[in-house]
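Just below is one structure, and these are the notes that go with it.
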Amino acid sequence: MKFIDTHSHLYSSKFDEDREQVVKNALEAGVESILLPNISSKYTEKMLDLCYLFPKNCFPMMGLHPCDVSKNNYDTEILHIEKELKKEKYIAVGEIGIDLYWNKNNLDIQKKAFEFQIKLAKKYKLPIVIHIRESFNEAFDIIAKHNDNNLSGVFHCFTGNLKEANKIINLEGFYLGIGGVLTFKNSGLSDTIKNISLEHLLLETDSPYLSPTPFRGKRNESKYILNIAEKLAETKKKSIEEIAKITTQNAKNLFQL
């Protein structure tokens with residue numbers, strides 16, 4: 001039984017004391033691959049160092065997180081992203097998108113960065129990993145505008161309703177990223193996911209954030225994919241082996257692993 005954690009910030013300083021052990025713990029738990037979305041140029045070197053250390057298990061993405069977008073750094077960061085995409089092998093453009101939880105005042109520059117990175121993804125034939133915190137409609141409209149046969153990706157940390165889930169599915173080529181929120185008692189996500197086919201779902205931790213129950217409030221890590229998978233199996237009334245098989249294949253299909 002093999003799993004893929006499709007979203008982990010394992011290069012975070014929260015893992016500085018035991019990063020290698022965290023990877024080994026994940027491997028022992030059956031998590032064969034850990035996919036690493038970038039945040040900004042500040043993290044690129046650390047992320048790549050980890051991938052060089054575990055070349056068969058850790059795979060990098062390149063992108064500018066919407067929370068790190070500003071008018072002061074936009075030009076520099078965009079140049080960095082395209083430079084990296086030209087010289088390194090990345091599996092996706094991410095983490096990109098719109099965030100209206102932390103900052104509602106720079107939506108214009110967030111949209112500009114998002115659209116530019118979508119165009120880069122199409123240019124380099126890579127999927128995108130989309131951040132949609134309190135911004136589903138804004139992000140979806142941009143995706144729909146640029147969507148064609150050359151665009152695919154995952155809506156990271158999906159917590160929406162059935163209508164939103166079906167809008168994503170109808171785009172074709174896009175998945176819903178399901179993480180620890182599925183295990184939260186009052187999230188309501190189970191009610192949505194029970195109506196969605198497994199063929200549209202990916203598993204992710206977003207570690208070190210959003211630890212699943214019973215680890216809420218503690219540092220998240222990739223081995224906790226099993227807790228998310230167990231909850232998904234319960235929700236879908238499927239075996240955990242089937243959850244592992246289908247979600248892992250979905251990840252391989254999207255990211256060409």
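Taking the Cα centre of the range 5-161 as reference, the dipole from Cβ charges on Lys and Arg (+1) and Asp and Glu (-1) amounts to some 520 debye. Estimated from helices alone, the mean residue ellipticity of the chain at 222 nm is -13000 deg cm²/dmol (sum of -39500 (n - 2.57) over DSSP H runs with n ≥ 4, per residue).
The fewest-to-most ranking of Arg133, Arg216 by surrounding Cβ atoms within 10 Å reads Arg216, Arg133. A crude spin-label estimate for the pair Lys71 and Glu242, with each label 7 Å from Cα along the Cβ direction, gives 5.4 nm.
Computed extension gain for Leu171 through Trp102, at 0.36 nm per residue and net of the alpha carbon distance, reaches 22.1 nm. Cβ-to-Cβ counts within 10 Å put Asp99, Asp108 in ascending order as Asp108, Asp99, the fewest first. Measuring r between the beta carbons of Lys56 and Asp18 and using R0 = 25 Å, the FRET efficiency lands at 0.80.
Among Val181, Val69, Val93, the ranking by other beta carbons within 10 Å of each residue's beta carbon, starting with the fewest, stands as Val181, Val69, Val93. Give Lys145/Lys231; Lys83/Lys145; Lys42/Lys231; Lys87/Lys252 a once-over and call out the pairs whose C-alpha atoms are over 32 Å from each other. Cα-Cα > 32 Å for Lys145/Lys231; Lys42/Lys231; rest within.
None of the figures in this text is laboratory data; all of them are computed from the coordinates on show. Owing to the predicted nature of the structure, the values given are computational and were not obtained by experimental measurement. Don't worry about glycine lacking a Cβ; one is built from the backbone with ideal geometry, like all the others, and counts go over all protein chains shown.
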